Amino acid sequence: MSELTDFFAAAYTETARALEEQGTAPIGPPFGKYYGVPDTTVDVEAGFPVAGTMRPQGNVHPGELPAGLVAEAIHEGSYDTMHQTYAAVQRHCDAVGLTPGPVCWEQYLSDPEVEPDPARWRTLIRWPVTDPLGGVSSASW
């Protein structure tokens, strides 16, 4: 986790370069896709949403965000406090009988290089969910 900021910086730089070289542009804010709940270590991908496809290039490989409905929340503030927003999403899911899946993603709506005040950062958290009967449902609040 202590290396996450450096990882994202390098991943976004390399991905942006690959997209530019392939004549493709992002169609939305950068994201981090997480496999499992982050603890002292984390399994994460970083990238940008694009229309269409792209070729693998160096460490950059195309991937997909999960399709379906999600529980989502906007986190306002430092990345250091995002665990509080995740806990709130989990409590909400528990209250309405939804089960968050093993993969989630964050879209970084604020650029820390443009907005240096962490209190003003905004991150969209999206967590795919299922209901107890196995169907897909959504919760947005």
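Over the chain, with a Gaussian network built from C-alpha contacts below 10 Å, which listed residue (A119, A46, A18) shows the highest mean-square fluctuation?
A119
Quick one: accessible area per residue over the chain, 1.4 Å probe, rounded to a whole number of Å²?
Ligands and nucleic acids excluded, the figure is 60 Å² per residue.
Compute the long axis of helix 4-21 from its Cα atoms, compare it with the longest principal axis of the Cα atoms of the chain, and write down the angle in degrees, 0 to 90, nearest 10.
Its long axis makes an angle of about 50 degrees.
Relative to the longest principal axis of the C-alpha atoms of the chain, give the angle of the C-alpha long axis of helix 82-96, reported between 0 and 90° and rounded to the nearest 10°.
Taking the Cα atoms of the chain, the angle to 82-96 is about 40 degrees.
If DNA, RNA and ligands are ignored and the probe is 1.4 Å, what is the ranking of I74, I125 by accessible area, most exposed first?
Per-residue accessible area, sorted high to low, gives I74, I125.
Mean residue ellipticity at 222 nm from the helices of the chain, using -39,500 (n - 2.57) per DSSP H segment of n ≥ 4 over the full residue count, to the nearest 500 deg cm²/dmol?
So the helix-based figure for the chain works out to -8000 deg cm²/dmol.
Within the accessible area of the chain, what % is carbon and sulfur when the probe is 1.4 Å and the other protein chains stay in place?
The nonpolar share, carbon plus sulfur, comes to 54 percent.
What does the convex hull of the alpha-carbon atoms of the chain project to on average, in nm²?
That works out to 9.0 nm².
Name the residue from T40, A95, T81 whose Cα lies farthest towards the positive end of the charge dipole of the chain, charges +1 on Cβ of Lys and Arg and -1 on Cβ of Asp and Glu.
A95
The values are calculated or read from the model by the stated rules, or taken from the named source; none is laboratory data. Everything numeric in this text was worked out from a predicted model, so none of it was measured. Methodologically, a virtual Cβ is constructed for each residue, glycine included, from the backbone with ideal geometry; neighbour enumeration extends over all protein chains shown. Ligands, DNA and RNA are excluded from the accessible area calculation, which covers all protein heavy atoms including side chains. Shrake-Rupley method; radii C 1.70, N 1.55, O 1.52, S 1.80 Å.
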